[in-house]
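K.L.:
My questions will all concern the structure given below.
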Amino acid sequence: MIARIVTENGNKMFEIDGKTFVPAGFFSFRPTPANVSLFYRNGVRLFQVRVTGLKNTWGMNYSNYGGVWVGDHTYDFSALDRQLEMFMKFAPDGYFLLMIQLDMPEWWRIENNCQCDSYTQLCEAALEEKWILDARDYLQALIRYAEETYGERIFAYGITAGSSNEWFDNKANSHKVSERRAADYKRKAGDPNAVIPTKEQIRSRTLPSLRGDGDPVYQFQKYCCDLTPSLAMRFARAAQEILDHQKLFGLFFGYANLPPHWQNRVATNGYEKVWACDDIDMLFAPAAYSCRKLEDASSFQSTVDSVAVNNKLYLHEIDHHTYLSKYPSENGQIMDCIYDDEPTTIAVLRRELCALAAKGGALYWFDMQGGWYASLGLEAEIRHEMNILEQLYQLPHHSVSEIAVFIDPMSYLRMQDESSMTADCGRNNRNALQHCGAPFDFFNLRDVTKIDLNRYKMCVFLNAIEMSDDVKKALSEKAREITKVWLYAPNHATGGIAEVCPIGLREMDATNEKVQYGQRLFGFSDPTSPMYAVDDKGAEILATYTNGMPACARKGKDVYIAVGNVPSELWRDLARAAGVHIYTDTPGAFYADSRFVARQTVWETDLTVHMPFDCVLEEMFDGGIYKTENKDLKYTAERGKTKLFLIREIID
């Protein structure tokens with residue numbers, strides 16, 4: 001079998017031996033005849049199979065089928081055989097992605113007297129050469145066996161390691177420094193006196209809020225952010241020595257929207273190295289955790305549009321806790337963040353489909369503990385959504401976004417771990433932008449050197465504290481006529497704010513001042529220093545601090561906002577002033593591409609979507625034909641309803 005990713009009409013699809021498949025699949029930690037057959041009979045043909053004998057963060061087995069790596073270069077493939085035999089029986093025409101966990105088995109740690117555990121201390125384990133070599137040999141042996149035995153049914157492979165199987169390191173243990181790690185740090189830092197910071201230093205909340213080049217925590221975290229990418233790419237190369245790019249290969253690696261205290265500590269901010277690796281075809285990520293409630297707007301953990309810039313396929317994991325997850329799992333574990341009922345669950349699942357489809361990526365439904373989709377209503381919903389995806393992926397697709405939003409993952413290291421600044425600048429603004437009434441593309445900052453900025457009317461820089469010379473050069477050449485919105489301290493660490501933002505500023509003698517915009521107060525969640533006020537007579541003041549000092553201003557094509565947690569109202573007004581087409585005037589989840597517009601609301605029942613043109617639309621979830629009047633789509637929907645309007649005809 002040869003499997004690859006192909007693009008048809010702008011849609012990325014899986015091609016398996018010449019046949020294309022809509023990129024939608026199923027995964028569960030507890031695959032059984034019941035849930036495998038449920039998804040199979042409702043149109044799903046792609047299934048992820050987890051190969052592991054280890055436990056998850058809840059203390060339960062990741063897989064009840066058991067592991068394969070059972071001794072020193074000793075492998076028991078019967079665990080894989082049993083699992084694949086079940087899958088093939090209940091998904092007879094299915095194809096499989098084998099996800100292989102490479103973490104240290106307990107027997108390996110005992111036999112090798114290993115003092116670290118790769119699952120929780122991945123950066124330390126990255127220096128354990130024997131584990132790396134043994135895990136490489138295991139990976140290659142498993143792929144060889146799988147290809148020889150089931151090669152006509154396996155279309156892809158993936159690898160996992162570290163906490164949550166997402167290549168996370170838990171640096172809460174970084175104060176327990178091994179001699180090996182201390183020596184490696186000194187060598188890579190080029191400083192025989194370099195010392196790994198203590199846990200107390202890493203968790204310090206002292207001001208100033210931004211870390212300079214000489215800060216020991218900043219230097220140490222940069223070092224950690226090179227260890228895990230190098231490790232992942234090393235394993236990917238080992239896999240391709242067997243696969244030779246004849247099958248697809250992927251992994252979870254790198255998120256730009258983790259909670260405060262996690263973003264820096266898990267040591268994956270160097271993910272752009274992994275994303276650029278030619279040995280990797282797919283990048284997986286769960287749906288954004290911070291916006292899963294009914295009143296939220298679904299979004300992404302990753303800078304989703306950068307995945308395509310790196311010639312990879314983005315795979316969206318829908319691991320939401322459906323209303324059926326409220327019943328205790330096998331060890332009594334009761335989930336949190338559970339939806340109240342089936343209609344709410346369906347509304348959010350539909351919203352996730354719209355968000356993902358607008359980006360043209362892949363998805364799989366994650367029936368985590370099994371039984372989370374075991375109702376007639378949810379089963380019917382899977383069939384319905386598969387039908388919709390099959391229709392959408394036959395139609396020409398491209399982005400219609402006029403806003404580009406940029407995150408720099410390494411700039412997060414400039415921010416205090418214990419403050420909320422990473423979220424205040426990053427994920428919270430991304431969430432607010434989802435409610436501004438216009439779609440946006442979400443990139444890594446360095447992508448400004450690779451993408452065509454002419455298609456955008458507004459570029460937003462959420463945390464550009466570090467800006468390389470090539471990024472600054474690209475912006476000066478490519479973005480002169482584009483509205484540029486700068487948050488807080490752009491280029492602070494690499495030349496100064498004035499070098500990129502022409503609006504004059506001065507430091508304030510304040511650490512917790514809020515900004516007033518209309519009826520909204522917003523700002524940083526924690527005391528912050530430095531804080532800036534606009535000091536420029538040539539700038540138009542858009543918002544002020546509660547102390548009366550200017551906090552947000554526009555000058556020419558540049559806008560400066562001095563704080564984080566910007567409300568959707570301000571984002572909408574800035575976009576409208578930049579000439580961006582605003583589809584909706586009120587908050588609510590909104591998604592659009594060249595094929596459709598989608599809207600979900602929890603505040604209104606009578607809705608209006610301002611289309612760029614008059615058109616005839618077909619609603620895909622509940623049915624019905626709609627026609628705009630004076631370019632306005634008007635409809636009524638009960639609370640929580642997600643509507644996906646397919647553009648059937650544009651009226652001249």
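K.L.:
Tell me the helices (runs of 4 or more DSSP H) entirely within segment 113-230 that contain at least 1 residues that are assigned by TED's automatic domain parsing to the domain that holds Asp76 and crowded, with 16+ Cβ neighbours inside 10 Å. Break it down stepwise before answering.
P.N.:
Values: elements: 122-125, 129-150, 179-189, 199-202.
Per the criteria, 122-125, 129-150.
K.L.:
Filter segment 442-459 for residues that are buried (at least 21 other Cβ atoms within 10 Å of the Cβ) and free of Cβ contacts under 8 Å to residues at least 60 places away in the same chain; which is nearest to Asp558 (Cα to Cα)?
P.N.:
Among those residues, the one meeting the criterion is Cys459.
K.L.:
Can you tell which of Tyr75, Tyr62 is in contact with a Leu (Cβ under 9 Å, 6 or more places away or on another chain) and at pLDDT below 95?
P.N.:
Working: Tyr75 fails: at pLDDT below 95.
Of Tyr75, Tyr62, the one residue that is in contact with a Leu (Cβ under 9 Å, 6 or more places away or on another chain) and at pLDDT below 95 is Tyr62.
K.L.:
Here is a further query. Hey, among the residues in segment 472-494 that are closer than 21 Å to Thr422 by Cα and either free of Cβ contacts under 8 Å to residues at least 40 places away in the same chain or among the β-branched types (Val, Ile, Thr) (or both), which one's surrounded by the fewest Cβ atoms within 10 Å (Cβ to Cβ)?
P.N.:
Step one: of segment 472-494, the residues closer than 21 Å to Thr422 by Cα are 484-494.
Retained after the next criterion (residues that are either free of Cβ contacts under 8 Å to residues at least 40 places away in the same chain or among the β-branched types (Val, Ile, Thr) (or both)): 485, 490-491, 494.
Numbers: Val485: 26, Pro490: 29, Asn491: 21, Thr494: 19.
Filtering first and then ranking leaves Thr494.
Table: residues versus (1) in contact with a strand residue (DSSP E or B) (Cβ under 6 Å, 6 or more places away or on another chain); (2) of a type in the set (Val, Ile, Thr); (3) at pLDDT below 95; (4) more than 16 Å from Ala380 (Cα to Cα).
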site	(1), (2), (3), (4)
Ala3	yes, no, no, yes
Val6	yes, yes, no, yes
Thr20	yes, yes, no, yes
Phe26	yes, no, no, no
Ala34	no, no, no, no
Phe39	yes, no, no, no
Asn42	no, no, no, no
Leu46	yes, no, no, yes
Val49	yes, yes, no, yes
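K.L.:
Do you know which residues across segment 54-83 are surrounded by fewer than 17 Cβ atoms within 10 Å (Cβ to Cβ), over 27 Å from Pro328 (Cα atoms) and among the aromatic types (Phe, Trp, Tyr)?
P.N.:
Within segment 54-83, just Phe77 meets the criteria.
K.L.:
Give segment 222-250 a look and list any residue that's touching a Phe, Trp or Tyr at 6+ places or on another chain (Cβ under 9 Å) and farther than 25 Å from Lys130 by Cβ, or say none.
P.N.:
Passing the criteria: Lys247, Leu248, Gly250.
Results for (1) modelled with pLDDT of 95 or more; (2) within 17 Å of Ser28 (Cα to Cα); (3) in contact with a helix residue (DSSP H, G or I) (Cβ under 9 Å, 6 or more places away or on another chain), shown as yes or no for each residue.
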position	(1), (2), (3)
Ser306	yes, no, yes
Asn311	yes, no, no
Pro328	no, yes, no
Asn331	no, yes, no
Asp336	no, no, no
Tyr339	no, no, yes
Leu353	yes, no, yes
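K.L.:
Do we have Ile242 as within 21 Å of Ser529 (Cα to Cα) and over 18 Å from the mean Cα position of the chain (by Cα) here? Full working, then the answer.
P.N.:
On the way: within 21 Å of Ser529 (Cα to Cα): no; over 18 Å from the mean Cα position of the chain (by Cα): yes.
When the stated conditions are applied, Ile242 does not pass them.
K.L.:
Continuing with the same structure: Counting only residues that are small (Gly, Ala, Ser) and more than 25 Å from the chain's Cα centre (by Cα), which one in segment 209-230 is nearest to Val563 (Cα to Cα)?
P.N.:
Here is the first cut: in segment 209-230, the ones small (Gly, Ala, Ser) are 209, 212, 214, 230.
Among the residues that remain, those that are also more than 25 Å from the chain's Cα centre (by Cα) are: 209, 212, 214.
Values: Ser209: 13, Gly212: 19, Gly214: 25 Å.
My answer is Ser209.
K.L.:
If I ask for residues that are among the basic types (Lys, Arg) and in a helix (DSSP H, G or I), which ones from segment 3-45 would you list?
P.N.:
Within segment 3-45, the first condition is being among the basic types (Lys, Arg), and the residues that meet it are 4, 12, 19, 30, 41, 45.
Passing the criteria: only Arg41.
K.L.:
To continue, here is another question. Across segment 67-83, what is the total count of residues that are farther than 14 Å from Ile100 by Cβ, without any contact (Cβ under 8 Å) to a residue 40 or more places away in the chain and part of a loop (DSSP other than H, G, I, E, B)?
P.N.:
First, pick out the residues of segment 67-83 that are farther than 14 Å from Ile100 by Cβ: 70-74, 76, 78, 81-82.
Narrowing the set further to residues that are without any contact (Cβ under 8 Å) to a residue 40 or more places away in the chain leaves 70-71, 74, 76, 78, 82.
Keeping just the survivors that are part of a loop (DSSP other than H, G, I, E, B) gives 76.
Qualifying residue count, segment 67-83: 1.
K.L.:
Go through the residues of segment 311-319 one by one and say whether even a single one is basic (Lys, Arg) and under 21 Å from Glu15 (Cα atoms).
P.N.:
Start the filter on segment 311-319 by keeping residues that are basic (Lys, Arg), which leaves 312.
Next, from what is left, pick out any that are under 21 Å from Glu15 (Cα atoms): 312.
Yes, some residue in segment 311-319 is basic (Lys, Arg) and under 21 Å from Glu15 (Cα atoms).
K.L.:
Run Pro92 past the list (1) out of contact with any helix residue (DSSP H, G or I) (no Cβ under 7 Å at 6 or more places or on another chain); (2) under 26 Å from Gly162 (Cα atoms) and report the number of the one that doesn't hold.
P.N.:
(2)
K.L.:
If you don't mind, there's one more thing I want to ask. When you check Tyr583 against the structure, is it among the aromatic types (Phe, Trp, Tyr), outside any helix (DSSP H, G or I) and either in the same structural domain as Gln519 (by TED's automatic domain parsing) or crowded, with 24+ Cβ neighbours inside 10 Å (or both), yes or no?
P.N.:
On the way: among the aromatic types (Phe, Trp, Tyr): yes; outside any helix (DSSP H, G or I): yes; either in the same structural domain as Gln519 (by TED's automatic domain parsing) or crowded, with 24+ Cβ neighbours inside 10 Å (or both): no.
Answer is no for this residue.
K.L.:
Could you please give the count of residues in segment 409-422 that are at pLDDT below 95 and among the small types (Gly, Ala, Ser)?
P.N.:
Qualifying residue count for the region: 2.
K.L.:
Within segment 226-239, is even one residue within 24 Å of Cys425 (Cα to Cα) and free of Cβ contacts under 8 Å to residues at least 60 places away in the same chain? Break it down stepwise before answering.
P.N.:
Initial filter on segment 226-239 (within 24 Å of Cys425 (Cα to Cα)): 226.
Subsequent filtering for residues that are free of Cβ contacts under 8 Å to residues at least 60 places away in the same chain retains 226.
Looking through segment 226-239, at least one residue is within 24 Å of Cys425 (Cα to Cα) and free of Cβ contacts under 8 Å to residues at least 60 places away in the same chain.
K.L.:
Restricting segment 407-433 to residues that are touching a helix residue (DSSP H, G or I) at 6+ places or on another chain (Cβ under 7 Å) and under 25 Å from Pro612 (Cα atoms), which is surrounded by the most Cβ atoms within 10 Å (Cβ to Cβ)?
P.N.:
Leu433
K.L.:
Return yes when Leu98 is within 18 Å of Asp279 (Cα to Cα), of a type outside the set (Lys, Arg) and outside any helix (DSSP H, G or I) and no when it is not. Spell out the reasoning first.
P.N.:
Values: within 18 Å of Asp279 (Cα to Cα): yes; of a type outside the set (Lys, Arg): yes; outside any helix (DSSP H, G or I): yes.
In short, yes.
K.L.:
Would you confirm, using the coordinates I've provided, whether Ala91 is in contact (Cβ under 8 Å) with a residue 40 or more places away in the chain and either farther than 26 Å from Ser28 by Cα or not assigned by TED's automatic domain parsing to the domain that holds Ser63 (or both)? Break it down into steps so the answer makes sense when it comes.
P.N.:
Values: in contact (Cβ under 8 Å) with a residue 40 or more places away in the chain: yes; either farther than 26 Å from Ser28 by Cα or not assigned by TED's automatic domain parsing to the domain that holds Ser63 (or both): no.
Here the answer is no, as Ala91 does not meet what is asked.
K.L.:
Out of all the residues in segment 447-471, which are part of a helix (DSSP H, G or I) and in contact with a helix residue (DSSP H, G or I) (Cβ under 7 Å, 6 or more places away or on another chain)?
P.N.:
Let us first name the residues in segment 447-471 that are part of a helix (DSSP H, G or I), namely 447-449, 453-455, 469-471.
Asp447, Val448, Thr449, Leu453, Asp470, Val471 - these are the residues of segment 447-471 that are part of a helix (DSSP H, G or I) and in contact with a helix residue (DSSP H, G or I) (Cβ under 7 Å, 6 or more places away or on another chain).
K.L.:
Which ranges mark the strands (runs of 3 or more DSSP E) fully within segment 232-328 that have 1 or more residues being among the acidic types (Asp, Glu)? Reasoning before the result, please.
P.N.:
Details: elements: 248-252, 282-286, 313-318.
Once the strands (runs of 3 or more DSSP E) in segment 232-328 are filtered for at least 1 residues that are among the acidic types (Asp, Glu), what remains is 313-318.
K.L.:
Related question: Take the residues in segment 268-281 that are of a type in the set (A, V, I, L, M) and buried (at least 24 other Cβ atoms within 10 Å of the Cβ); name whichever of them is nearest to the chain's Cα centre (by Cα). If you could, list the steps in order and put the result at the bottom.
P.N.:
Here is the first cut: in segment 268-281, the residues of a type in the set (A, V, I, L, M) are 274, 276, 280.
Pick out the ones that are also buried (at least 24 other Cβ atoms within 10 Å of the Cβ) and you get 274, 280.
Details: Val274: 14, Ile280: 17 Å.
So the residue we want is Val274.
K.L.:
Considering only segment 107-124, state which residues are touching a residue at least 24 places away in the same chain (Cβ under 8 Å) and more than 29 Å from Phe26 (Cα to Cα). Working first, answer last.
P.N.:
The initial filter retains those residues of segment 107-124 that are touching a residue at least 24 places away in the same chain (Cβ under 8 Å), namely 107-108, 111, 115-116, 118-124.
If the condition is that a residue be touching a residue at least 24 places away in the same chain (Cβ under 8 Å) and more than 29 Å from Phe26 (Cα to Cα), then Trp107, Trp108, Glu111, Gln115, Cys116, Gln121, Cys123, Glu124 are the ones that fit.
K.L.:
Also, I was wondering about something else. Show the residue pairs meeting these rules: Cβ distance below 6 Å; 6+ apart or different chains; first residue within segment 632-652 and surrounded by 13 or more Cβ atoms within 10 Å (Cβ to Cβ); second residue of a type in the set (Lys, Arg) and not in a strand (DSSP E or B).
P.N.:
Pairs found: Thr642/Arg350; Thr642/Arg351.
The values are calculated or read from the model by the stated rules, or taken from the named source; none is laboratory data. None of these values were measured; they are calculated from a predicted model. Because the Cβ atoms are built from the backbone with ideal geometry, glycine has one as well, and the counts that use them run over all protein chains shown.
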